[in-house]
Every structure is written in C-alpha cells, then in structure tokens.
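One structure is given below, encoded as structure tokens.
The values are calculated or read from the model by the stated rules, or taken from the named source; none is laboratory data. None of the values given here were measured: they were computed from a predicted structure. When we count neighbours, we look across all protein chains shown, and the Cβ atoms used for this are built from the backbone with ideal geometry, even at glycine. Note: areas computed on protein heavy atoms with side chains; ligands, DNA, RNA excluded. Shrake-Rupley method; radii C 1.70, N 1.55, O 1.52, S 1.80 Å.
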Amino acid sequence: MVVSLNHVQHVLEEIPSPYQTALTQYDRAVRHLSMDENLVEYMRWPRREFTVNFPVRRDDGRIEMFTGYRVHHSTVMGPSKGGIRYSMNVTLDEVRALAMWMTWKCALVNLPYGGAKGGVLVDPKSLSMREKEGLTRRYAAELVPLISPHADIPAPDMGTGPQEMAWIMDTYSMTVGYSVPAIVTGKPIIIGGSQGRTEATGRGVIICMVEALKRAGMVDESKIRVVIQGFGNVGLHAADYAHELGFKVVAVSDVNGGIYNEHGLDIPEVRRHYTAVGTLEGFPGAERVTNAELLCLPCEVLVPAAMEGQITENNAPHLRTKLIVEGANGPTTTEADDIIVDRGIHLVPDILANAGGVTVSYFEWVQGLQEFFWDKEEVFRQLQRILINSYDATAHMAEHHGVDMRTAAQMTAISRVGEALKTRGFYP
Ligand code: NAD
C-alpha cells in the first residue's frame, strides 16, 4: 500500500483539490441568493463519510488490501444517488466533491434524490476479471449498511460499468435474500437495466450543446467543429450522437492521446478501430495529438469528457473554442472559469451538461420499483424534455441575475435544496 499512498500524494500535488473547487463554486452561488445563513452552512457539509479498507485475494494467492469510500452529501430531497469510481486518482477529497455535485445535479434536473459518490483506489486494468469481481463484491458487502433502493442507490462512473453494477446488485440481493434490481442503476438490461442508459450521458451532453448553439444562432451542423476529450462512456456516446446529428467531430482522445482531422472524423469507423485495436493510435487519415494539444485545437465546441481538473489557468488563455460543454465532472478549475468568462467563451456546466446519466438512472430506478419497462423512444423523449426544461431554468436564472451558467445552475439547485430543507426543518 506504500506505493498507493505515494501515488495519492503525487496526484494531490498535481491536480487542484476538487472539493475546494466545489466549495468555491458553492460560495460564489450562494452570494447571489438571499438565503438564511444556517441553511448555507448546513448545505456546505457532507452528511456522512464512509472509509473502508478491505482484502482482495489476487490470482496468485496473495491478499492485497484496498481502500474504498462512499460519501452521502445530502439526503434532503430523497435517497442519495451517485456513481462508483475505480481509479488511482480516488481520494476522499475527490469523492466528497463528486457527492456534492450530485446533490446539485439531481436538484437542478428536479429528481427526488440527494447526492452521493463512491470510489475505490485501484487501477481496474490491473485486475483480472475474477479479481475485479472479488473486489466489487467485497466493497459492495461493506456498503450494505449504507445502501438500499430507498436510502442510497449506486451507479457506474469512471472505471466501472454494467458488469460491476450486476455484481453489486447480486451481492446485495444475496445478503437480503431476494432480488433487488432497484439497488443500483446502470445494470445490464437483462437484469432490469433501462433502455438508453448507456448512451444517456453522452446524448445529454449533445442535447445541451444543440440547445446552446441554437440560442447562440449557430444552426448549421456541418460547420460546427466539435472536439471531445475522453472516449469512454460519456465521450464515445457524445461523439456518436454528434456525428449522427451531422456535426463535424474533428478530434477525440483517450488517456494515451488523441486523433485529429480538421475535416471531421468518421466516428463509427473510429469506434470500430478502437474496439478492434484498443487504442486510437493508428487510425488512418488522422494526425496524432496529445491531450494538451487537443484541448487547444480550433473548434466551435469543446467537450471535456474525461476527468476533473483538465481546463486550468495554464491552458484556459489558449483555448480556441466558442463553447465548452462539460461532459466530465469538474473538468474546469475555478481560476480557469474566471478566464473563460472574461474571454466570453460560453460554458454549459457539468451539473447540467452531464445530467442525462442520472436522469435515465432515475428512469431505471422508477421502472425497477414499478416493474414496468419503457421503450428507448420513451426514455429519450423524457430525457430531452427534462434536460431542455433544466437548461431553460438555468438560462433564465443566468439572465435574471446577470451571472454565468455555472453560477446560475448552482443557484437554481441550491435554492431548491435550501427551500426543501427549510420546509423540513432541522432535526430534532
Ligand atoms: P470512462 O472510464 O468510461 O472513460 C474515461 C475516458 O477518459 C477514457 O477514454 C479514458 O481513457 C480517458 N481518460 C482518463 N484519464 C485521462 C486523462 N488524464 N486525460 C485524457 N483522457 C483521460 O468514464 P466515463 O463514465 O466516460 O466518465 C468520464 C467523466 O464523466 C467522469 O468525470 C465522470 O465522473 C463523468 N460522468 C460520467 C457519467 C456516466 O454516466 N458514465 C455521468 C456523469 C458524469
């Protein structure tokens, strides 16, 4: 474990504290709201934080210890909801920030949920399938006292997906003695997952992008160049949907770097290449770019869809985009935010732009509880309706108070949670 702790220290030195970013955003937003200071103080704090150290047997027989977290930021609006991340960047600080953002995100899109997040400090690529199942089941078993369909509902995030959700659902079900599909969202469809969940976050990013472009009077898709950082669940489906709608996706990347073609990439072909080869490298007719270069390519829309802390005070002055749509959580630091506002770059913030995932997770949960399932058209129709309404509410708040979209989105969400808290009162 010494190696892991060193790694955390290294990461902490390089990436600005996500929780500090979350708190600064919060403080900025509440300044514009005339809200009781007791409410303001209460909502700054995570409600519960859970840390667990647990063993996993490796394939060679060794026992290795791992550290996991689960933070419930708020349960004011309903059960807490949030993903589980497997990554070597996971820290309690990061999970705290992500849980807080989940509270605002759920409130912004009017879902009856509070915010939570979980994470395990592990490189999922370093585990065999059997080891990953062992790690997931043991972590899930440790979470049993905290989670339930009416208390806290996990979902996938970086490094996890439908298979991990299936193992968590099975572990929880074995513990209580009957099947509980509504304990997680993002499950495979065969065990109660929702149509459209896999594509939901990326699709939602593009729904928000289209709305922003329409409002800016940029309506000719074929002239809009889109750059996407990250080719995982969010980035890939955002690229797919943008391509399907006729936008020119000129660059995409993963952790190892990106590919660029100023005339547009054939995204279905890029997907085929990526699936076959496991890397973007070698894709014909495109030039290689580093992730740092990709962020500063000339384009109309930049979609950071990889991880937090990517747009900083160092690269914000050099961005060559008109619009940023945040697919990832927290990809822009507070310092970069100021530069972006000063430079007149329009930004659709994460809690709005990537809320498609939690929205369809909500549909999945509702379908699971009712045991009545919808078709994909219905899922996408309801997703579009909710995101456009939320975009409208945010844009209205921004205009009314003369603030940027991030502050407006936070203000909309915080005032809703504050109002609910005031109505419920402080226990006891
Ligand atoms: P993922 O693990 O499926 O994909 C992450 C992608 O980012 C991969 O292509 C990876 O190679 C790339 N990447 C990782 N580190 C990188 C780096 N340092 N530089 C450039 N690229 C890097 O994860 P995901 O589910 O697509 O999530 C991406 C982001 O979106 C995260 O911030 C996550 O919290 C957020 N998010 C995800 C969902 C969802 O439904 N999956 C919902 C809301 C928000």
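Placing unit charges on the Cβ atoms of the charged side chains and taking the dipole of the stretch 45-186 about its Cα centre, the candidate lying farthest along the positive direction among 115, 95, 154 is 115.
Taking the DSSP bridge list for the chain and keeping only pairs wholly inside it, about 45 percent are antiparallel.
For the stretch 45-186, the share of DSSP beta bridges that are antiparallel, to the nearest 5, is 60%.
What shape does the chain have by the C-alpha gyration tensor, where a ≥ b ≥ c are the square roots of the eigenvalues, rounded means a/c under 1.5, and otherwise prolate means a/b greater than b/c and oblate the rest? In terms of gyration-tensor shape, rounded. Taking each residue as 0.36 nm, the span from residue 381 to residue 266 lengthens on full extension beyond its C-alpha to C-alpha distance by 38.7 nm. Remark: the Cα gyration tensor places the stretch 264-409 in the oblate category, a/c being 1.5 or greater and a/b not exceeding b/c. Ignoring lysines fewer than eight residues from residue 117 along the same chain, the ones with Cα atoms less than 29 angstrom from its Cα are 81, 105, 125, 132, 187, 376, 422. Computed about the Cα centre, the dipole magnitude for the stretch 200-353 is approximately 380 debye when only Lys and Arg (+1) and Asp and Glu (-1) carry charge, each at its Cβ. Annotation: the antiparallel percentage among DSSP beta bridges lying fully within the stretch 200-353 is about 30. For trypsin sites (Lys or Arg not before Pro), the sites in the stretch 315-360 that DSSP calls loop and that have at most 16 other Cβ atoms within 10 Å are 343.
Please name which of 270, 83, 183 has its Cα lying farthest along the dipole of the chain towards the positive end, using unit charges on Cβ (Lys, Arg +1; Asp, Glu -1) and the Cα centre as origin. The residue sitting most towards the positive pole is 183. Exposed loop positions in the chain were taken to be chymotrypsin sites (Phe, Trp or Tyr not before Pro) whose DSSP state is not H, G, I, E or B and which have at most 13 other beta-carbon atoms within 10 angstrom. Between these positions, the longest stretch is 179-371.
Here's how it looks for residue 229: its modeled amide H is under 5 Å from those of 303, 305, which are all 5 or more places away or on a different chain. Debye-formula intensities of the stretch 200-353, expressed as log10 I(q)/I(0) at q = 0.08 Å⁻¹, are -0.18 (one equal scatterer per alpha-carbon, no solvent). Averaged over its residues, the stretch 45-186 has an accessible area of 35 Å² per residue, based on protein heavy atoms and a 1.4 Å probe.
Counting only residues at least eight positions apart within a chain, or on another chain, the lysines with an alpha carbon under 18 Å from that of residue 322 are 214, 223, 248. For the chain, the longest piece that avoids every one of the GluC sites (Glu not before Pro) found in DSSP loops with at most 15 other C-beta atoms within 10 Å covers 1-261.
Based on Cα contacts under 8 Å between residues 6+ apart, the stretch 200-353 shows a relative contact order of 23 percent. Considering all different alpha carbon pairs of the stretch 45-186, the Kirkwood hydrodynamic radius works out to 14.9 Å.
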